[in-house]
Each structure stands twice: as C-alpha cells, then as structure tokens.
Amino acid sequence: MTALDVLHCDNHLLAVVKPACMPVVPDESGDRSLLDAAKAWVKREYDKPGEVFLGVVHRLDRPVSGIVVFGRTSKGAARLSEAWREGRVEKEYLAQSPLRVPLPAEAGTLQLWQRQDPQRNVVRVLGVAAEDEPSPHRDAKLAVTRWRVLATDAEGTRLALTPVTGRKHQLRVACRHLGLPLAGDLKYGAEDALPDRSVALHAWRLRVPHPTRDETLEFRSPPWWLPDGP
C-alpha cells in the first residue's frame, strides 16, 4: 500500500496528494479511495478511537493526480465548501500533451459552452463563448480556463491551466479544444493510453483561505514529470 503524501494537517483542515487513478471517494469499483486512506492516516497519526470525520469539499477526476483538501471538522468542511462556491480558492494545474501545435499566443483565456452527456460520461463543446454572451443552448454551462505554455520540446507541450469555473472535465476539454489533448486521455483525443491509465494532468498548486484563522494557505506538489514545478 502506498504511503499517503500529507502536505498539511491541523485541527480543521487536511491537505494531501491524490495519486492518479485513485478515486477521491468510494465508488462502484470497490477500489481504495483517497478518503479511506486519509481517514486511516488520521486515525493512526492521532490514535483516534471510533470513526474519523473528514468532509469532502472538492474532487479530482479519477485519472488526474494532485492536491486535495478535506475538512477535519464540520465547521471546517462547511467554510471550505463556501470558499470554493464563492471563488476564493486559487488552483493551478500542470498538463502535458504529446503534441505540438501552433497556438495564437503564449497564454490566453478560453471560454467554452459545454454540455454533459451523462450516458457516455463525456462533455461536449457546443461553441466558443463571447464576452457576456447568454447561453445559446439549453443546459449548456460556461467553462472558463486560463492557460499558458510552459514549454514546447521533443516531448510535446507543457501547459499551466487555471480553472476560473469548475465544470466537469473542464481542463481536459479545454486542452482538446486547443488541439493539445492530454497524454493518456483517450476520452478527449489522445491516441494512446499511459501505462497506468492516468492522464497527464496534475493539480500542483492550491491557495485556500483557512476555515478558522485569518490566513491563506498555499500548497504545492509538482508532478513526477516536472519535479521542480513550472
């Protein structure tokens, strides 16, 4: 069993790194979840009797790796969830595509109208959104992503991605729309799977207001394929 990578723990908040292909919460696969692993760590670390409480306040797609925060108390979880809803959390992801394509700039903001297809568990792009344009499609959601190119070399293209909104599969869809499907992301345009069935997307930096103290915490955890960060 792989040891849990713990970045921070206090009375109200736990920050850990999710390995790729581990679900955040238990699912129909029956595989061990990050929530299970985190509860077991807290129980061992603090010798806690009985059931351990951890509140889930956000998630990452199963094939995606990176930083996940849990609330250690109901107050902590509620306030963290509120911070996410109000857009007071800053997130940055690192992405790797095996392709190299000409882009209009070294950085930009992508606004897409997208709609979920729950039967196939995919998201479809319905069009590019203009500034302050109302949705032209029923059930369409606006997905806004800031992107910048970190490097283009023999291995492809590395990107830094910041989700302004929090839509399903938003960053994976954005990369495909840019012509840079993520390595291993068969669902959104990759030709080949990675050996562990992951996709090359990692939530590497997270800034979040502490739920009970007047301070902001920042966590960093670069992926193995970019160990020093951008």
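What follows draws every value from the coordinates through simple rules; no lab data is involved. Keep in mind the model is a prediction, meaning the values are calculated, not measured. Every residue, glycine as well, gets a Cβ built from its backbone with ideal geometry; the counts of neighbours run over all protein chains shown.
Which angle between 0 and 90 degrees, to the nearest 10, do you get for helix 74-85 versus the longest principal axis of the chain when only C-alpha atoms count?
That works out to roughly 10 degrees.
May I ask you to list the chymotrypsin sites (Phe, Trp or Tyr not before Pro) in segment 138-230 that are in a DSSP loop and have at most 13 other Cβ atoms within 10 Å of their Cβ? Display every interim value, and only then the final one.
Numbers: sites: Trp147, Tyr188, Trp204, Phe219, Trp224, Trp225; in loops: Trp224, Trp225.
Passing sites in segment 138-230 are Trp224, Trp225.
Going by C-beta contacts inside 10 Å, put Ser97, Ser135, Ser198, Ser33 in order with the fewest on the left.
Ser135, Ser33, Ser198, Ser97
Let me make sure I get this right: for segment 94-188, a, b and c are the square roots of the gyration tensor eigenvalues over alpha carbons, sorted descending. Under 1.5 in a/c it's rounded, otherwise prolate if a/b > b/c, else oblate. Which is it?
Numbers: a/c = 2.39, a/b = 1.48, b/c = 1.62.
Judged from the Cα gyration tensor, segment 94-188 comes out oblate (a/c at least 1.5, b/c at or above a/b).
Could you calculate the FRET efficiency of Val25 with Leu103 from 1/(1 + (r/R0)^6), where r is the beta carbon distance between them and R0 is 30 Å, rounded to 0.05?
Taking R0 as 30 Å, the efficiency between Val25 and Leu103 is 0.25.
Can you give me the distance in nm between label points at Asn11 and Ala40, each placed 7 Å from the Cα along the Cα-to-Cβ direction?
So the label points at Asn11 and Ala40 sit 2.9 nm apart.
Counting other beta carbons within 10 Å of each Cβ, put Glu92, Glu82 in order, fewest first.
On the way: Glu92 21, Glu82 13.
Lowest to highest Cβ neighbour count: Glu82, Glu92.
By a straight-distance test (C-alpha under 28 Å), which lysines pair with Lys39 as possible cross-link partners, with residues fewer than eight away in the same chain excluded?
Within the straight-line cut-off, Lys39 pairs with Lys18, Lys48, Lys75, Lys91, Lys168.
Among (i) 30, 20, 18; (ii) 46, 19, 17; (iii) 26, 21, 18, only one was calculated for this model; which label is it, if the read-out is semi-axes √(5λ) of the Cα gyration tensor in Å?
(i)
Using Cα centres only, tell me the gap between segment 158-230 and segment 14-70 in whole Å.
18 Å
Using the Cα gyration tensor of segment 34-106, with a ≥ b ≥ c the square roots of its eigenvalues, what is the shape: rounded (a/c below 1.5), prolate (a/b larger than b/c) or oblate (neither)? Before the final figure, lay out the partial values.
On the way: a/c = 4.26, a/b = 1.94, b/c = 2.20.
Verdict is oblate for segment 34-106.
If one takes the longest principal axis of the Cα atoms in the chain, at what angle in degrees, from 0 to 90 and to the nearest 10, does the Cα axis of helix 34-46 lie?
Here the helix axis deviates by roughly 30 degrees.
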